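Got a structure here, written out as structure tokens. Questions coming.
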Amino acid sequence: MATISDLIKSHISSGRLFHAYIITGSDEDGRFEGAKVLAQSCVCERDARPCGVCHACQKAMKGLHPDITVTGRVGDDKEIKIDAMRAVRAQAMVMPNEAEKSVFIIREADYMNAAAQNAMLKVFEEPPSHAVFILTAENPEKLLGTVRSRCELITLPPRDLMIESALADKFWRAALRRDRVLLSSAATELEKEKDRAVLADFIAALKRGAVERIRTGEISEALFTSVTDACSDAEKYMIFNMSAVHLAGLYLNAFLAHV
Ligand SMILES: [Zn+2]
């Protein structure tokens, strides 16, 4: 099963970059995760977007890239109002600071009221060449037809179908960012998993990820060996009913030496 990141990457590698996207499916966390990968692709400095290692990717992953703006509902507001979208529109007219594109993520865009949508429609009709808009929406049909028709639609699969590999992906993200806090949070999440089928899928996904990432040069030989060795051990121990806690410890050790 592919991760959200894989799905977004395959979507953009197959075609040109559009000016506006709607990401639907999954849950809001999943949609937002997809939006962030897509935004990272827009600012990445290399050809294999997003590379995950360039300066721009690093900043994007930390949420610090000056050309990626995230906006959406404020607090308990029932809708996204025109003022917020006017601000986005004005900012979109300004040239990006560092990247070739400036990216605007509008979360839960299906909460835009009609006036807000009409304000955005103007910019969707004649978008500045440097601007990319990424809308997340549970119910895209709530958006005006005229807005929808100007956006490329990306539909993610339901979250429960991707959960096991999303966790493997979290381990990889932690490793690539050398983020020990994220790493230990991934291990804690793994510890809580009781379903043995999910654990087996997780091990398989992690192994696939290692093979894929050594191929693209994203990870060192040492990390690759460490993780694939841990996977072989895990597969062996799973037969003897290894607990998720032990599994998490095994992987935490395998990654920690390189993160
Ligand atoms: Zn990059």
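Since every read-out is calculated from the coordinates, none of them should be taken as a lab result. Computed from a predicted structure; not experimentally measured. Don't worry about glycine lacking a Cβ; one is built from the backbone with ideal geometry, like all the others, and counts go over all protein chains shown.
What number, rounded to the nearest 500 deg cm²/dmol, is the helix-based mean residue ellipticity at 222 nm of the chain, given -39500 (n - 2.57) per DSSP H run of at least four residues and division by all its residues?
-17000 deg cm²/dmol
For region 111-123, in order, what is each residue's ³J(HN,Hα) by Karplus, 6.51 cos²θ - 1.76 cosθ + 1.60 with θ = phi - 60°, in whole Hz (x at glycine and Pro)?
8, 5, 6, 4, 5, 5, 5, 5, 5, 6, 4, 4, 7
Now, a different point. Give me the one-decimal nm value for the distance between modelled label points at Cys54 and Val74, 7 Å along each residue's Cα-to-Cβ direction.
3.5
Here is a further query. Over the chain, what relative contact order in percent results from Cα pairs under 8 Å that are six or more residues apart?
Rounded, it is 21 percent for the chain.
Which far-off residues, 5 or more places away or on another chain, put their amide H under 5 Å from the one on Ser102, with H placed in the peptide plane?
Those qualifying (amide H under 5 Å, at least 5 residues apart or on another chain) are Ala131, Val132.
Right, next: Classify region 162-256 as rounded, prolate or oblate from the Cα gyration tensor: take a ≥ b ≥ c as the square roots of its eigenvalues, call it rounded if a/c is under 1.5, otherwise prolate when a/b beats b/c and oblate if not.
Here region 162-256 falls in the prolate category.
Now a separate question. Placing +1 at every Lys and Arg Cβ and -1 at every Asp and Glu Cβ, with all other atoms neutral, what dipole size does the chain have around its Cα centre, in debye to the nearest 20?
440
Hey, rough spin-label estimate for Glu221 and Thr155, points 7 angstrom out along Cα→Cβ, what's it come to in nanometres?
Modelled inter-label distance: 4.6 nm.
If contacts are Cα pairs under 8 angstrom and at least 6 residues apart, what is the relative contact order of region 181-259 in percent?
Relative contact order of region 181-259: 45 percent.
Let me ask another. Nothing charged except the Cβ atoms of Lys and Arg (+1) and of Asp and Glu (-1): what's the magnitude of the dipole of region 164-259 about its Cα centre? Round to the nearest 20 debye.
Value, rounded to 20: 160 debye.
What are the aspartates and glutamates whose alpha-carbon lies under 15 Å from the alpha-carbon of Lys62, with same-chain residues fewer than 8 places away excluded?
Partners within reach: Glu33, Asp179.
Could you tell me how far the Cα centroid of region 116-130 sits from the Cα centroid of region 22-40, in Å?
21
Taking only C-alpha pairs under 8 Å that are 6+ residues apart, what is the relative contact order of region 116-259 in percent?
25
Another question about this same structure. R0 = 35 Å: FRET efficiency of Gln91 with Arg178, Cβ-based, nearest 0.05?
The computed FRET efficiency comes out at 0.65.
How would you order 56-66, 106-116 from highest to lowest mean count of nearby Cβ atoms within 10 Å?
106-116, 56-66
Something else: Any idea how far apart His246 and Asn118 come out in nm if each label point goes 7 Å out from Cα toward Cβ?
6.6
Can you bin the chain into rounded, prolate or oblate? Criterion: square roots of the alpha carbon gyration tensor eigenvalues sorted a ≥ b ≥ c, rounded for a/c under 1.5, prolate for a/b above b/c, oblate for the rest.
Prolate shape, in that a/c is at least 1.5 and a/b is the bigger ratio.
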